[in-house]
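The values are calculated or read from the model by the stated rules, or taken from the named source; none is laboratory data. Quantities reported herein were computed from a predicted structural model and do not represent experimental measurements. Cβ: placed from backbone, ideal geometry, glycine included. Neighbour counts: every protein chain shown.
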Amino acid sequence: MSGNAGSWRAAHGKLWYDDPWYRAAWIVWPQAVGLLLFVSLWLFQPGGKNFIPWAKPVVEAPRFAPPPPPPVKQPAAPALAVDIMAPCKSGGFPERIQACTSLLASGKLTGSNIPNAYWYRGLAYYSTEQYQLAINDYDRAIAISPSINELYNDRGVVWLALGNNDRAMQDFDRSILLKPDFALPYFNRGIALRNLNRPNEALAALSTAIERDPALWWAYENRASIYEDRSDWRGSYDDANKMIEIEPNNRLGYAFRARAYLEVGQYQPAIVDFTKSISLDPGNIYGYRMRGRAYYFLNQFDNAMADFEAALRIDAKDSFTISFINDLKRRQRNR
């Protein structure tokens with residue numbers, strides 16, 4: 001093998017020195033092969049930037065960003081539910097009557113809206129003093145919904161307006177039976193009992209109404225009035241204080257308390273409360289008449305006469321004021 005190697009080197013040496021093309025080929029060819037190998041590895045390196053997978057088309061990158069997708073139309077917000085009964089509950093009472101009548105005739109009402117339409121129209125009839133029409137509508141509502149306690153209470157109020165206290169009592173009792181903690185039928189029952197000249201039972205009913213609802217101003221007012229009829233000035237005074245506490249801008253609380261002061265001889269506090277009552281309702285004759293009486297008992301006759309005259313300007317035929325003036329004139333003559 002060494003002989004072959006020596007012969008190859010001898011031939012190679014001879015060609016290297018004798019043949020310039022042979023010599024150039026040995027210089028250039030290895031460099032060309034190396035360059036070709038380097039370029040091939042750079043172009044076809046896997047995962048590289050310029051790697052081109054076999055049999056897989058090249059996708060040219062877009063020059064511009066793709067346009068945004070078209071905006072999606074949002075679903076419209078659901079419309080608020082329309083209260084079909086709204087016209088029956090708003091506006092003037094004649095308009096309510098018309099609206100409820102139209103709804104009842106339309107055939108569009110279903111479920112509880114049917115008795116409610118009769119109920120609202122009945123209230124509107126009552127408020128316009130069409131009492132029999134109100135009774136008719138409450139009858140229809142109760143026939144459809146016999147378990148609604150407020151319907152009996154409200155129909156009872158209409159019976160009170162018609163002067164049928166016994167029939168009103170039946171409705172109030174039915175309302176109480178359905179809902180024993182409902183204050184209004186006890187209060188209204190007290191009114192009916194007072195109308196029937198049964199003051200003890202009326203006081204009991206009004207007191208029960210106050211127990212059920214301590215803020216029920218009308219119950220205190222009517223109970224104070226019964227106390228006043230009985231000359232129970234302490235009871236009237238206490239209820240007047242509650243009335244003032246609940247409704248400080250209502251003249252009646254001050255008028256009841258002033259009358260209690262007057263009747264027990266506390267004339268100056270009576271004048272203060274009557275003055276407050278007058279300030280809240282300058283057109284009410286009672287405040288002037290009774291304040292004049294308090295001035296009379298204090299021997300302040302000029303102030304008394306001024307109040308009596310103010311009362312007569314409101315009602316020139318008021319018999320109480322005329323009697324107080326006559327009493328004042330007699331006293332002045334006898335001095």
Lone qualifier among 165, 197, 188 - being of a type outside the set (Ser, Thr, Tyr), at pLDDT 95 or above and buried (at least 22 other Cβ atoms within 10 Å of the Cβ):
188
Which residue, of 266, 332, is free of Cβ contacts under 8 Å to residues at least 12 places away in the same chain and out of contact with any Ser or Thr (no Cβ under 6 Å at 6 or more places or on another chain)?
266
Given the condition touching a Ser or Thr at 6+ places or on another chain (Cβ under 8 Å) and assigned to a helix (DSSP H, G or I), answer yes or no: does some residue in the range 206-218 qualify?
no
Would you pick out the residues in the range 151-163 that are part of a helix (DSSP H, G or I) and either farther than 19 Å from residue 202 by Cβ or out of contact with any Pro (no Cβ under 9 Å at 6 or more places or on another chain) (or both)?
151, 152, 154, 155, 157, 158, 159, 160, 161
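Matching residues to (1) over 25 Å from residue 283 (Cβ atoms); (2) free of Cβ contacts under 8 Å to residues at least 40 places away in the same chain; (3) of a type in the set (Phe, Trp, Tyr):
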site: 215; (1), (2), (3): yes, yes, no
site: 240; (1), (2), (3): no, yes, no
site: 247; (1), (2), (3): no, yes, no
site: 256; (1), (2), (3): no, yes, yes
Has the range 136-148 got any residue that is within 27 Å of residue 254 (Cβ to Cβ) and of a type outside the set (A, V, I, L, M, F, W, C)?
no
Name every residue in the range 134-150 that is in a helix (DSSP H, G or I) and farther than 23 Å from residue 196 by Cβ, in order of residue number.
136, 137, 139, 140, 141, 142, 143, 144, 150
Please determine, by comparing only the residues of the range 263-287 that are in a helix (DSSP H, G or I) and charged (D, E, K, R), which one is nearest to residue 320 (Cα to Cα).
263
Evaluate the range 164-179: report whether one residue or more is outside any loop (DSSP other than H, G, I, E, B), among the small types (Gly, Ala, Ser) and under 28 Å from residue 212 (Cα atoms).
yes
